[in-house]
1. Please list, by residue number, everything in segment 167-207 whose backbone N is under 15 Å from a paramagnetic label point 7 Å out along Cα→Cβ of D68.
2. Could you sort V90, V179, V249 by their accessible area in this structure, using a 1.4 Å probe and putting the largest first?
3. Can you pull a Stokes-Einstein diffusion coefficient for the chain at 25 °C (0.890 mPa s), Rh from Kirkwood over Cα pairs, as a whole number of µm²/s?
4. Largest first, what is the accessible-area ranking of F239, F207 with a 1.4 Å probe?
5. Using θ = phi - 60° and the Karplus relation 6.51 cos²θ - 1.76 cosθ + 1.60, list the HN-Hα couplings for segment 64-77 in order, rounded to whole Hz, with x at every Gly or Pro.
6. Which of T190, I178, G213 sits closest to the plus end of the dipole of segment 120-242, meaning its Cα is farthest towards the positive end, when Lys and Arg get +1 and Asp and Glu get -1 on the C-beta?
7. What FRET efficiency, computed as 1/(1 + (r/R0)^6) with R0 = 35 Å and r the Cβ-Cβ distance, is obtained for E125 and L79, rounded to the nearest 0.05?
8. Principal axis lengths of segment 103-233 from Cα atoms, whole Å, largest first?
Amino acid sequence: MTATDAPTASGSGTAATEKFTAERVSADTPPERLAAIAKDALGALNRVILDHEVSYAEYRVLKQWLIDVGEGGEWPLFLDVFIEHSVEEVLARSRQGTKGSIEGPYYVADAPELPAECTMPMREEDRRGEQLVFSGQVTDLDGNGLGGAKVELWHADAEGYYSQFAPHLPEWNLRGTIVTDEQGRYSITTALPAPYKIPTDGPTGQFIEAQNGHPWRPAHLHLIVSSPGRHPITTQLYFRGGEWVEDDVASATKPELILDPVKGEDGLHRVEYRFALDPA
Ligand code: MBD
Ligand code: FE
């Protein structure tokens, strides 16, 4: 990596902001509900200011910090790390199947399709590291296999970088849309991910330091599993005994989402997982 293509917080932040803005999101929130949420949000913030007797100097520092988060493109990062888990918790109240988790800022739709048995696109250096054979089945809530289901998988490389959010990686590195076989099965070989450090060279890093936090997420796989007529599951999977599994900066782990791979004689780590999808 050279100095000019070294990943930075503002580089990945700008890319994440551009990707998100291109989605042109909307919600059909009724006006009365929107008004109630807006009023309570403002009330909560004003309450903090009064309780902590925030000064003018502190207020101005806050204003500059908010400006910096926007200019650095870090709102996707900041919000997904510190807020999204509560939104996911609300969604989870109406789901029976496999547990979900947050999407985070680095999902890209329409990754190239791969067959049920496949190896993720990766560089030579990714292939040289520890490899994981992740296999299993996509089912309905009764355990019937869902053929032709889609398993979208994306994750960071061993250095913690995501393709399309760091300039030195091939476009679809460690990203793919796996299509399950007739029984809903899949078997994916990929690079074993490492713990992920939130970029500390921007305003989100400043914030983490200010609240005496650490910037780490446990090693994780991101997944969106979908099948026609079913609610898609957005989730993440973690590794038993891994660093930060019990102390994720993004508060996004759940006991049901922890894998326990076994390393075979051939050096491959193997683990199975089943995704049960709720009816839509
Ligand atoms: C990540 O890789 C991630 O998954 C989340 C939630 C936030 C920042 C980076
Ligand atoms: Fe991630």
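The values are calculated or read from the model by the stated rules, or taken from the named source; none is laboratory data. Remember, it's a predicted structure, so these values are computed and weren't measured experimentally. Don't worry about glycine lacking a Cβ; one is built from the backbone with ideal geometry, like all the others, and counts go over all protein chains shown. Each accessible area value is taken on the protein alone, full model and side chains, heavy atoms only, with ligands, DNA and RNA left out. Shrake-Rupley method; radii C 1.70, N 1.55, O 1.52, S 1.80 Å.
1. Answer for this model: 199-207.
2. On the way: V90 85, V179 40, V249 20 Å².
Ranking V90, V179, V249 by accessible area, largest first, yields V90, V179, V249.
3. Numbers: Rh = 20.4 Å.
For these conditions, the coefficient is 120 µm²/s.
4. Numbers: F239 25, F207 65 Å².
So, going from the largest accessible area down, we get F207, F239.
5. Per residue, the Karplus-derived 3J(HN,Hα) values read 5, 5, 4, 4, 5, 4, x, 5, x, x, 8, 4, x, 5 Hz.
6. G213
7. Values: r = 32 Å, r/R0 = 0.91.
Given R0 = 35 Å and the Cβ-Cβ separation, E is 0.65.
8. 50, 33, 23
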